[in-house]
Amino acid sequence: MSLKACIYDLDGVITDTAKYHFESWKWVAEQLDYDLTEKQNLKLKGVGRKESLDKILGWSKARISEAEKQNLLYKKNQMYLEQIDAMSPSEVFDGFKAFNAKAKQAGITVAIGSSSRNAIRIIDKLDLVLDFHAIVDGGMTPNSKPEPDIFLMAAEKLQIAPAECLVIEDSQAGLTAAKKAGMKSVAFGNDKGLKGAQLQIKNWLEADLEKFNSIF
Ligand code: BG6
Ligand code: MG
């Protein structure tokens with residue numbers, strides 16, 4: 001068994017969109033007379049849009065109709081898109097492009113596996129569209145993370161067996177999804193509470209292809 005594919009999460013792994021999500025979810029919470037904290041926002045990492053609203057509704061104990069839910073989801077996304085559309089390639093995390101180029105040079109195939117339905121728009125804003133062999137986003141599979149569907153579809157598109165894929169993820173939902181997919185994983189970022197990964201790196205400057213290979 002060897003490392004044949006890297007499947008990257010997008011939000012929080014390639015760029016920081018959590019701050020933009022937070023602003024728009026905070027607005028949603030305000031409509032429900034609720035004050036969303038940054039700590040709660042962390043719990044929305046990797047969680048799909050609809051599932052995130054369900055969590056906020058649970059915390060706020062607000063009861064709203066299905067039509068109101070749809071309306072809030074729509075407005076939340078419009079606010080988020082305004083922020084996304086102002087993003088630029090300078091927002092790609094330091095060291096990512098260099099690591100990805102090195103991985104490809106070593107013959108490793110690379111894909112994005114993101115829960116976001118806005119993934120392609122963000123990748124376009126970051127000018128990374130041509131940097132991956134496949135992109136799977138939250139609109140392409142019936143189940144979002146922590147279910148394995150997104151990563152399994154990415155492996156299928158790359159034509160690599162799940163056991164030879166390495167997922168790089170900053171969220172618990174994503175690490176759980178990787179495990180369910182039968183893939184190895186690297187936890188990304190400073191969160192010491194992340195479980196299930198074979199390795200953790202704080203940022204891309206710490207990424208080491210040989211270390212990643214040694215997991216297999
Ligand atoms: C994940 C983010 O990647 O995508 C979550 O970590 C977000 O915070 C989810 O809710 C869905 O994103 P979007 O762009 O479809 O609303
Ligand atoms: Mg993420």
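The values are calculated or read from the model by the stated rules, or taken from the named source; none is laboratory data. Treat the numbers as computed from the prediction; the structure is a model and nothing was measured. Here the Cβ is made from the backbone with ideal geometry for all residues, glycine too, and neighbour counts use every protein chain on show. Only protein heavy atoms, including side chains, enter the accessible area calculation; ligands, DNA and RNA are left aside. Shrake-Rupley method; radii C 1.70, N 1.55, O 1.52, S 1.80 Å.
The residues Glu156, Glu66, Glu91, sorted by heavy-atom accessible surface at 1.4 Å with ligands and nucleic acids left out, run Glu156, Glu66, Glu91 from largest to smallest. In straight-distance terms, cross-link reach from Lys43 covers every one of the lysines whose alpha-carbon lies under 18 Å from its own, apart from those fewer than eight places away in the same chain; here that gives Lys19, Lys26, Lys55, Lys61, Lys76, Lys145, Lys192, Lys195. Sorting Thr17, Thr176 by solvent-accessible area of protein heavy atoms yields Thr176, Thr17, largest first, with a 1.4 Å probe.
Relative to the longest principal axis of the Cα atoms of the chain, helix 96-105 runs at roughly 40 degrees.
Whole number in Å², please: accessible area per residue of the chain, 1.4 Å probe, ligands, DNA and RNA not counted.
Details: 10700 Å² over 216 residues.
Using a 1.4 Å probe on heavy atoms only, each residue of the chain averages 50 Å².
Phi-derived couplings, Karplus 6.51 cos²θ - 1.76 cosθ + 1.60 at θ = phi - 60°, listed residue by residue for the range 154-164: 4, 4, 5, 4, 7, 6, 10, 5, x, 5, 10 Hz, with x used for Gly and Pro. Of Lys69, Lys102, Lys192, the order by accessible heavy-atom surface (1.4 Å probe, DNA, RNA and ligands excluded), from most exposed downward, is Lys192, Lys102, Lys69.
Per residue of the chain, the DSSP helices (runs of n ≥ 4 H) give a summed -39500 (n - 2.57) that works out to -12500 deg cm²/dmol at 222 nm. Take Trp59: with every protein chain present and a 1.4 Å probe, its accessible area is about 70 Å².
Between Trp59 and Lys211, the simple label model (points 7 Å from Cα in the Cβ direction) yields a spacing of 3.2 nm.
Antiparallel versus total DSSP beta bridges in the chain: what percent is that, nearest 5?
On the way: 1 of 20 bridges.
Roughly 5 percent of the beta bridges in the chain run antiparallel, per DSSP.
Rg then Dmax, both in Å and based on the Cα atoms of the range 1-146: 16.7, 53. 3J(HN,Hα) couplings calculated from phi for the range 34-47 with the Karplus curve 6.51 cos²θ - 1.76 cosθ + 1.60 (θ = phi - 60°) are, in sequence order, 10, 9, 7, 8, 5, 5, 5, 4, 4, 6, 8, 4, x, 8 Hz; Gly and Pro show x. The portion of the accessible surface of the range 18-84 made up by carbon and sulfur, rounded to a whole percent, is 49 (1.4 Å probe; DNA, RNA and ligands excluded). Label zone (Asp16, point 7 Å along Cα-to-C-beta; backbone nitrogen cut-off 13 Å) within the range 178-201: 189-190.
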